[in-house]
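Here's the structure we're looking at; comments come further down.
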Amino acid sequence: MKKKINAIRRSVMKSLTKNIGKSQQKGQSGETIKVRKVLISRPNHRLGNLLLLTPLVQEIENTFPGSKIDLFVKGGVTPIIYKNYKSVHNIYQLPKKPFSNLFQYIKGWFALRWNSYDLVINATQGSSSGRLSILFAKSKYKFFGEDVEELQTVYPDYHHIAKNTIYNLRHFLNDFGIENKKAIPFLDLRLDKNEIFDGQQKLLNLVQNDRPTICLFTNATGDKIYSEAWWNDFYSKLKSAFPNHNIVELLPVENISKLDFKIPHFYSKDVREMGGFLANCSLFIAADNGVMHLASASGVPTIGLFKVTNETMYKPYNDKSFSVNTNEMNQDEVISLIKSSL
């Protein structure tokens, strides 16, 4: 019932907000845009979605060096993710459950009116609250994130959720004479040396050797999850194919395992501690979920397993990372791909 209510709510909100921001204030001939203060809106609390925002933050850093960036989000994980982003100034956090803390929710929205910005950006077109927040914010230049039809044929990866807004923003900024044809930034948790060293020590304590390590994450949500039988079969094949590698499991916050805890495992609730651990692995394999994006943002080659969600939108894309559609590829074929990547 809760899922049905949320689906109806989202549908109603999209209908009410779909035309918001259609008219854009574009640059006039010879006009120069000066940007020192930017607001990026992504009112969502999920780990994966907030990590998928990191390329856009890097894009603003690269396009407008020295600018200060404010984030309009939900939940409490954002300050942890952006701990080492010196450009991020204020983080306005709406409560995950608005009606449980109505005062904080209202305060968060009014913060948009207390500040003035040079540029405000809706991080994803599909977000109704994101479009409303851009409408509500005070700024001369407002970018609502509309798709640009002609770009869809130019960039094969145009529909990836971390890249789509960046392509559209670059098109918007072209009107001001700002052109950028560089590669889209990767997801980046910006782990520091101490975090990576700490993760190295935790991995060494777990495996007690210096062999390369393959890390599995066997949990997911809803229909994205793979069964115990699937993971046990996959682990057996992986172990046979890579006898000189350690194979370990990163456990979810629920502290459960589809492999019944039979292989060495690491557990933490600390996002950055998990990232430091993953950064020292040679390969990470998981179904589509937030921890898959955490691995990608930590720099480890990541293989995302997809069977129901859109891999074009959500696949990992850092160096040596790729997605696999398990409806079209069996486990032996996946193992062959892993051999190639390693």
(request) Report whether or not residue 193 is within 30 Å of residue 146 (Cβ to Cβ) and basic (Lys, Arg). (result) no
(message) Yes or no: the range 192-205 includes at least one residue that is surrounded by 15 or more Cβ atoms within 10 Å (Cβ to Cβ), in a helix (DSSP H, G or I) and of a type in the set (A, V, I, L, M).
(response) yes
(message) Restricting to the range 269-306, and then to whatever is farther than 20 Å from residue 54 by Cβ and surrounded by fewer than 18 Cβ atoms within 10 Å (Cβ to Cβ), can you tell me which residue is farthest from the chain's Cα centre (by Cα)?
(response) 282
(request) Would you be able to say whether some residue in the range 229-239 is in a loop (DSSP other than H, G, I, E, B) and either surrounded by 18 or more Cβ atoms within 10 Å (Cβ to Cβ) or touching a Leu at 6+ places or on another chain (Cβ under 9 Å) (or both)? (result) no
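Test residue 265 against the stated conditions and say whether it is closer than 19 Å to residue 203 by Cβ, modelled with pLDDT of 95 or more and not small (Gly, Ala, Ser).
Details: closer than 19 Å to residue 203 by Cβ: yes; modelled with pLDDT of 95 or more: yes; not small (Gly, Ala, Ser): yes.
The answer is yes for residue 265.
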(request) Could you please give the count of residues in the range 64-80 that are surrounded by fewer than 18 Cβ atoms within 10 Å (Cβ to Cβ) and assigned to a helix (DSSP H, G or I)? (result) 2
(message) Restricting to the range 172-189, give me the number of residues that are touching a residue at least 24 places away in the same chain (Cβ under 8 Å), out of contact with any Pro (no Cβ under 8 Å at 6 or more places or on another chain) and surrounded by fewer than 18 Cβ atoms within 10 Å (Cβ to Cβ).
(response) 6
(request) Output the number of residues of the range 81-135 satisfying the condition of being in contact with a Leu (Cβ under 9 Å, 6 or more places away or on another chain), at pLDDT 90 or above, farther than 26 Å from residue 33 by Cβ and surrounded by 17 or more Cβ atoms within 10 Å (Cβ to Cβ). (result) 2
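Restricting the search to the range 119-171, which residues are outside any helix (DSSP H, G or I), more than 26 Å from residue 288 (Cα to Cα) and either without any contact (Cβ under 8 Å) to a residue 12 or more places away in the chain or among the charged types (D, E, K, R) (or both)?
138, 140, 142, 154, listed by residue number.
The values are calculated or read from the model by the stated rules, or taken from the named source; none is laboratory data. Keep in mind the model is a prediction, meaning the values are calculated, not measured. FYI the Cβ positions are ideal-geometry reconstructions off the backbone, even for glycines, and counts take in every protein chain you see.
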